[in-house]
Amino acid sequence: DDADWVHRKSIVGSEDHTLLGRCKDAGYFMHFNTMAGKPQESALLESRILYPKRKLQCLQFFYKMTGSLKDKLVIWVKMDDGTGTVRKMKKIHTFYG
């Protein structure tokens, strides 16, 4: 991982998914500027560990890509063996700019 994501306050008046519309202009988003980086650089963003109460749990997020057509967002899931030890990483999807 070569660069960092930045935690920013949402732009006033723009559509805000972070608080399900309950608190207009009060949300935040994570931003990564691909224009400032070099080709093939990456930035890692991880969620907290999710502990499903049943067999499945959902992590929902919204994204917006406005950079180069060569930019990509790759979604990975880390899976553990039930003891907390990561045993497998699985690529879920790749979005292209």
*Pop a pseudo-label 7 angstrom from the Cα along the beta-carbon direction at both Lys38 and Lys91 and give the gap in nm to one decimal.*
2.3
*Using a cut-off of 14 Å between beta-carbons, work out the net charge of the residues near Gly84 (Lys and Arg +1, Asp and Glu -1, Gly84 not included).*
+2
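Every read-out reported here was derived from the displayed coordinates using simple, explicitly stated rules and does not represent laboratory data. Worth saying up front: this structure is predicted, and the values here are computed from it rather than measured. With ideal geometry, Cβ positions are generated from the backbone for all residues, glycine too; neighbour counts draw on all protein chains shown.
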